[in-house]
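In what follows, a single structure is set out as structure tokens and then discussed.
The values are calculated or read from the model by the stated rules, or taken from the named source; none is laboratory data. Quick caveat, the model's predicted, so the values are computed rather than measured. Cβ: placed from backbone, ideal geometry, glycine included. Neighbour counts: every protein chain shown. We work out accessible area using only protein heavy atoms, side chains counted, and drop any ligands, DNA or RNA first. Shrake-Rupley method; radii C 1.70, N 1.55, O 1.52, S 1.80 Å.
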Amino acid sequence: MQQIYDTRAPKKPTNVSINSDLLEKSRSLGINLSAALERALAEQVRAEQRAKWQRENAGPIQAYNRFVEENGTFSDGARKF
């Protein structure tokens, strides 16, 4: 899978606010907060980038789908199934 960010970039300290009960439970379970946040943030970034791409390309995708509905695809005559 293609990386959505440079995983070799240096770490940067930051402050975040987290529900105190959730923080306590995660610490008691030995969850690495930095790693968990990075994974969750990467998933969110990936989802937002995908949604943005879909919004930006909605018109061309609809146009292509209309073209295929009206004209078929190049390989329609060559398929054996």
query = Roughly to the nearest percent, how much of the accessible area of the chain is carbon and sulfur, given a 1.4 Å probe?
reply = 54
request  = Assuming R0 = 25 Å, can you tell me the calculated FRET efficiency for the pair ARG46 and LEU23, based on Cβ-Cβ distance, to the nearest 0.05?
outcome  = 0.50
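Sort 67-74, 40-47 by the packing proxy (mean of other Cβ within 10 Å over each peptide's residues), most packed first.
Order by mean packing, descending: 40-47, 67-74.
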task = Compute the FRET efficiency between ARG66 and GLU38 as 1/(1 + (r/R0)^6), taking r as their Cβ-Cβ distance and R0 = 41 Å, and round to the nearest 0.05.
result = 0.50
query = If you take all C-alpha pairs in the chain, what percent of them are over 19 Å apart?
reply = 64
inquiry  = Over the chain, with the other protein chains present, what is the accessible area per residue in square angstrom, probe 1.4 angstrom?
reply    = 97
ask   = By average Cβ neighbour count within 10 Å, what is the ranking of 13-19, 55-61 from highest down?
value = 55-61, 13-19
